[in-house]
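See structure below.
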Amino acid sequence: MELVPDRVDLAIYLAGWTLGWLLLWRLRPLPDLAGDHSPGSAARPGVAVIIPARNEQDALPHLLSRVLPHIGPQDEVIVVDDHSDDATAIIAARHGARVITPPPLPPEWLGKPHACAFGAAESSAPILLFVDADVRPAPDLVARIAQAVTAQPDVVTSIQPWHETGGWAEQASVLCNVTALMGCGAFTPTGHGANATVAFGPVLAIDRTTYDQVGGHAHPSVRSMHTEDIGLARLVGRAELYTGRPDTSFRMYPEGLGQTIRGWTRSIATGARFTPWWIAIATLAWVWSLAGGWIAMPIVYPLSALQVWVLGRRAASIHPLTALLYPLAVVAFTVIFLRSLIALILGRGVEWKGRHVDAR
């Protein structure tokens, strides 16, 4: 390894490094409220907050305690208890949510799309807001969602929450969070207004009329997808994508390494499959600059560490040590991605919340 970098090697590295900044150029939070959107305001349409939940007794209190105080008389909060083995239903009811249980899972359906479809059918509000149980929303999230969907009723409105990481396993997977934001193409300098055909499952909203017109989660191309968010966005044809930082977050995989690997295995390669080819190549070039740049040219190590720190904080609560030891995060990302890709190609599945999920 040379202390003075070769000009060609340096140019290749800087190209990948620059692409990293461009792919996650900016955060794009959901617009602030304009006018009277208080919970009881007649000007605000009702929102059905639908929470598909399977074995979520620990996560639900964090979500419901933040949502229910800001719900108006025109709104609904429905927890769809997807045949949980724990106290999910009891805790949801105790916090004041309406709890419903869907019928047994039919053939050709996956659990989350089935729960979402059932919740939508059992609700009546004109705006549907699907929220994962591990989300910790901003106090005014429901009102801001109502405003955004009312302004653009023919698109999917979706937020990727900021990942509040816990243990070392979640920290090690931080590049998965970063590349998930990069891959949608919505946060580049020219990303606003792009016809995105991906979405973020943790927080996804849609006008009920649009939802019914495209078939919603019951559509054959959505009900069998574990990335049902992508399926729904592709049906609608356009999505407005936002970032959750600083006020909407989630804790993805609090149970540690096994849950982290299984969770990302389900989704990361499938998400890459629906990423525009030029964004996929640019993201790969960025990861390649992290993986090989410091080996060929040790002098660039601080540049990549700084970049991982800055971009990582746009997606998650990254620890400074994670940024300093970023090659380990690159190894973790590579292993998870390859595991997901192999599962996708070979049709292998993963166990998730007691069910077998086909990676395809």
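The values are calculated or read from the model by the stated rules, or taken from the named source; none is laboratory data. Here the structure is a predicted model, which means the values were calculated and not measured. Reconstructed Cβ throughout: ideal geometry from the backbone, glycine too, with neighbour counts over all protein chains shown.
Numbers for the structure displayed
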| item | result |
| --- | --- |
| Filter pass, VAL67 being assigned to a strand (DSSP E or B), assigned by TED's automatic domain parsing to the domain that holds GLY216 and crowded, with 19+ Cβ neighbours inside 10 Å | no |
| Residues (among the hydrophobic types (A, V, I, L, M, F, W, C), assigned to a loop (DSSP other than H, G, I, E, B) and within 27 Å of ALA233 (Cα to Cα)) located in segment 272-306 | PHE274 |
| Members of segment 108-147 found to be aliphatic (A, V, I, L, M) and under 21 Å from GLY263 (Cα atoms), listed by number | LEU110, ALA115, VAL131, ALA133, VAL135 |
| SER289 being farther than 23 Å from GLY167 by Cβ and of a type in the set (Gly, Ala, Ser) | yes |
| Residues of segment 110-125 classified as surrounded by fewer than 18 Cβ atoms within 10 Å (Cβ to Cβ) and either touching a residue at least 24 places away in the same chain (Cβ under 8 Å) or touching a strand residue (DSSP E or B) at 6+ places or on another chain (Cβ under 6 Å) (or both), total | 2 |
| So LEU241, is it crowded, with 21+ Cβ neighbours inside 10 Å, assigned by TED's automatic domain parsing to the domain that holds THR197 and not β-branched (Val, Ile, Thr) | yes |
| Conditions (1) over 22 Å from ALA343 (Cβ atoms); (2) free of Cβ contacts under 8 Å to residues at least 12 places away in the same chain; (3) not in a helix (DSSP H, G or I): number failed by VAL310 | (3) |
| Selection within segment 74-109 - surrounded by 18 or more Cβ atoms within 10 Å (Cβ to Cβ), of a type in the set (A, V, I, L, M) and in a helix (DSSP H, G or I) | ALA89, ILE91, ALA92 |
| Subset tally (residues that are part of a loop (DSSP other than H, G, I, E, B), within 23 Å of the chain's Cα centre (by Cα) and hydrophobic (A, V, I, L, M, F, W, C)) for segment 313-341 | 1 |
| Residue in segment 153-173 that is part of a helix (DSSP H, G or I), farther than 22 Å from VAL67 by Cβ, in the same structural domain as GLY216 (by TED's automatic domain parsing) and without any contact (Cβ under 8 Å) to a residue 40 or more places away in the chain present | yes |
